[in-house]
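Trainee: Before we start, here is the structure in question, set down as structure tokens.
The values are calculated or read from the model by the stated rules, or taken from the named source; none is laboratory data. What you are looking at is a predicted structure, and each value in this text was computed from that prediction instead of being measured. Every residue, glycine among them, receives a Cβ derived from its backbone with ideal geometry; neighbour counts consider all protein chains shown.
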């Protein structure tokens, strides 16, 4: 894998790790929601440290260049994060709906 590609992946990984750390330290998200982001950081670090894995996967999956596989890996990571966030938002929506219903019932009892 070319050195510039490895450095670019490393830069993205470090920026992502720093961002996740800052968001967690400011308590903007709970720790349980950060696990998928930390998993993404770990995967990217493995790809930087062991580029032979990436080359092997690129060869086996038929990618012409390693950079195409890197883009594919980023897309897959973002796909899983999107699914995870969709599940979280759906659960929150159900809770909000339930709370609205309970508040409405309590308002009716007060009248």
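Trainee: For segment 1-10, enumerate the residues that are modelled with pLDDT of 85 or more and either surrounded by 14 or more Cβ atoms within 10 Å (Cβ to Cβ) or more than 29 Å from residue 68 (Cα to Cα) (or both).
Mentor: The answer is 6, 8, 9, 10.
Trainee: Taking the conditions exactly as written (modelled with pLDDT of 90 or more and either touching a strand residue (DSSP E or B) at 6+ places or on another chain (Cβ under 9 Å) or buried (at least 16 other Cβ atoms within 10 Å of the Cβ) (or both)), does residue 13 satisfy them or not?
Mentor: yes
Trainee: In addition: Mind listing just one residue for me: the one in segment 23-38 that is at pLDDT 90 or above and within 15 Å of the chain's Cα centre (by Cα) and, of those, nearest to residue 83 (Cα to Cα)?
Mentor: Restricting to residues being at pLDDT 90 or above and within 15 Å of the chain's Cα centre (by Cα), the top hit is 38.
Trainee: Any idea which of (1) in a loop (DSSP other than H, G, I, E, B); (2) more than 20 Å from the chain's Cα centre (by Cα) is the one residue 103 doesn't satisfy?
Mentor: In the conditions (1) in a loop (DSSP other than H, G, I, E, B); (2) more than 20 Å from the chain's Cα centre (by Cα), residue 103 misses (1) alone.
Trainee: For residue 67, indicate whether it is part of a helix (DSSP H, G or I), more than 19 Å from the chain's Cα centre (by Cα) and surrounded by 11 or more Cβ atoms within 10 Å (Cβ to Cβ).
Mentor: yes
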